[in-house]
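The values are calculated or read from the model by the stated rules, or taken from the named source; none is laboratory data. Not measured: the values here are computed from a predicted model. A quick note on method: Cβ atoms are made from the backbone with ideal geometry, for glycine too, and the neighbour counts reach across all protein chains shown.
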Amino acid sequence: MIFRALVIAAYGFLLAPAIFVVAIAFSSDRFLTFPPPGLSLRWFATLFEHEQMMAAMQRSAILAAIVTTLSLAIGVPAAYAIARLRFPGRGAIFAALTAPLLLPTLVVGLGILLVFFPYGLAGTWPGLALAHLAVTLPLVVRIMTTAFATLPPDLEDAAATLGATPLKVAFRITLPLALPGLIAAAALSFLISFDEVVISLFIVGPRLSTLPVEMYRYVEGHTDPMVAALAVVLILLSISVVLLVERLVGFTRTVSK
């Protein structure tokens, strides 16, 4: 009973900020006040009429889709090689690919800016994609290495002895078995790229910005609840992605592997 109460208290502590944000998003006041004096949907209407914010949301969605595709295209083969092949330096390569997970994003962002600026990549689509890739690729490699390591190699060997080419084995045996990890890696990669703000602050330019950066700039000069309404939309988006993954493959089961 005591343990259950502690768990409930911990969940309440973690979810308290979101509860306040949701309440403020439906406020009828012009300022960020809690408790709200009344309820209204005016700030959601204002949000969807805000052209700059909607354009930034579209850019972030496109960027996240590109980054997720690149992360899977690079990370899945790398993870398979690390998990299944035996070659010198395998551990060092895995450590190098996952090292950004251990570094503060502020350090990663500053390092990326120092590298990108001489080549004119700052404030460009390729620069943003590569910067986000530095965060999502290690995550994909980590998840897919675990997913491939848990697969029984006997099935691949049996398919190969029956005449299947390595490409057929990969697409008909390996990837279908690793599908839960693949979907979880894609979903987390998309959400992390869509939500990345620290690294984006170093790379964006005046004509190319992402949604988290626009939110950061907006709260610097405005005190209305529109940003809270946007936060509610993002919360619903994240919950929808997690529920979709749970529906398809079981998010909890996949991550626990």
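Remarks
- Considering Val169, Val233, the condition of being modelled with pLDDT of 80 or more, in the same structural domain as Leu128 (by TED's automatic domain parsing) and assigned to a helix (DSSP H, G or I) is satisfied by Val233 alone.
- Taking the criterion of being part of a loop (DSSP other than H, G, I, E, B) and surrounded by 23 or more Cβ atoms within 10 Å (Cβ to Cβ), the residues of segment 182-224 that qualify are Glu196, Val204, Thr210.
- Checking Arg4 against (1) under 27 Å from Arg217 (Cβ atoms); (2) part of a helix (DSSP H, G or I), the condition it does not meet: (1)
- Cβ-Cβ under 9 Å pairs, at least 6 apart or on other chains, segment 87-99 side surrounded by 11 or more Cβ atoms within 10 Å (Cβ to Cβ), far side charged (D, E, K, R): Phe94/Arg142; Leu97/Arg142; Thr98/Arg142
- Test: residue in segment 173-181 that is modelled with pLDDT of 85 or more, in contact with an Asp or Glu (Cβ under 8 Å, 6 or more places away or on another chain) and assigned to a helix (DSSP H, G or I): no
- Test: residue in segment 24-45 that is assigned to a helix (DSSP H, G or I), touching a Phe, Trp or Tyr at 6+ places or on another chain (Cβ under 7 Å) and surrounded by 11 or more Cβ atoms within 10 Å (Cβ to Cβ): yes
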